[in-house]
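Please read the structure below before turning to the comments.
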Amino acid sequence: MSGIIFFKTKSLDIIHHFYHYTLMMEVWLEQPNCYIYKKGNLLLGFLQSDTTETQGIITIFDQNKEVIENAYQQYLPLVIQDLAVNEKFNIYHFYISDPDGRKIEFQTFLHPLPAFKSADETLIERRSIRKFKDKAIEPELMNKVFEICRYSPTSRNSESFYYLVITNKDDIHWLSECRGRAGNPIKEAPMTVLVISDNTKTIRLEQDADIAATYFMLSAFSLGLGTCWITDMNKNEVKKHFEIPLDCHVSCAIPVGYPDEVHKIPLRREVDKFVKYDKFT
Ligand SMILES: Cc1cc2nc3c(=O)[nH]c(=O)nc-3n(C[C@H](O)[C@H](O)[C@H](O)COP(=O)(O)O)c2cc1C
């Protein structure tokens with residue numbers, strides 16, 4: 001199930017202009033005298049009415065402090081309460097007001113969060129992260145990542161994949177050297193995860209492990225962590241070093257940590273450039 005929060009407004013046109021053009025919220029659904037907007041997993045509806053409802057606070061949040069600081073600069077003329085830390089809730093936030101006088105809060109949480117991203121947001125916004133904060137990842141958070149990874153599909157449901165978590169600094173350094181400069185992100189991160197598939201469980205070693213790696217990266221991102229796919233190292237040396245049976249398959253090494261860089265959504269090919277129908281040529 002999912003949900004929408006609705007407000008009545010006497011000025012739907014003005015509200016539409018504000019939420020769609022000023023706050024850049026996508027119109028998720030348009031109905032007679034009604035707009036429903038989407039921002040991440042927030043669905044927000046406004047209905048033309050004889051009355052205007054302004055109770056409550058609409059909170060828009062992002063995991064990155066920088067995004068909230070940029071929003072603060074962008075909406076400065078609309079600010080009704082300045083950017084500040086609220087120690088009680090451990091958040092960093094500011095308020096603006098919409099044309100009806102509703103309070104809109106922009107905030108970031110200064111602590112880890114449970115998963116909240118919508119599927120499309122997770123798939124579109126994940127980026128390779130190569131700089132990480134000098135901050136250990138809480139074991140409970142990693143557990144949540146792995147709880148999602150349980151559902152990674154495998155050939156014949158073999159459940160052939162394993163994640164080998166490496167936090168020992170010497171091992172991390174050793175692993176980063178295996179891939180030359182392209183392995184640098186490993187050095188930067190507090191943890192690296194090797195994704196492995198077991199040859200005694202599947203003949204589809206590459207597919208099972210590659211999908212498990214993708215699941216791991218997306219799960220980690222949905223929980224606020226950054227990752228990067230590093231491969232092309234001498235896998236036999238990696239196996240020997242970490243005591244992985246030689247017949248197992250190592251898909252990649254994935255450095256993981258709290259991101260210390262923010263990337264915009266990059267330009268990508270339009271759909272008609274890579275989707276073909278009936279014949280490839
Ligand atoms: C199979 C594969 C191998 C990769 N190997 C490396 C690598 O060795 N080092 C690195 O920094 N990034 C590596 N990447 C990350 C890509 O450079 C990155 O995914 C690509 O530039 C697109 O950027 P994005 O992930 O932010 O969308 C690899 C990605 C894939 C899928």
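The values are calculated or read from the model by the stated rules, or taken from the named source; none is laboratory data. Values in this document were obtained by computation on a predicted structure and should not be read as measured data. Positions of Cβ are generated from backbone atoms using ideal geometry, with glycine treated the same way; all protein chains shown enter the neighbour counts.
Numbers below:
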item	result
Filtered residue count, region 119-153, keeping only those that are touching an Asp or Glu at 6+ places or on another chain (Cβ under 9 Å) and closer than 17 Å to residue 217 by Cβ	8
Extreme residue, nearest to the chain's Cα centre (by Cα), among residues of region 221-237 that are of a type in the set (A, V, I, L, M, F, W, C) and within 13 Å of the ligand (Cβ to nearest atom)	221
Residue within region 177-189 that is hydrophobic (A, V, I, L, M, F, W, C) and over 27 Å from residue 238 (Cα atoms) present	no
Filtered residues of region 166-208 (kept if within 15 Å of the ligand (Cβ to nearest atom), touching a His at 6+ places or on another chain (Cβ under 9 Å), over 30 Å from residue 64 (Cβ atoms) and at pLDDT 95 or above)	206
Subset of region 99-126 (residues that are farther than 29 Å from residue 79 by Cβ, in contact (Cβ under 8 Å) with a residue 12 or more places away in the chain and either within 16 Å of the ligand (Cβ to nearest atom) or not in a loop (DSSP other than H, G, I, E, B) (or both))	122, 123, 126
Which numbered condition residue 234 fails, given (1) out of contact with any Ser or Thr (no Cβ under 7 Å at 6 or more places or on another chain); (2) closer than 28 Å to residue 126 by Cα; (3) surrounded by 18 or more Cβ atoms within 10 Å (Cβ to Cβ)	(3)
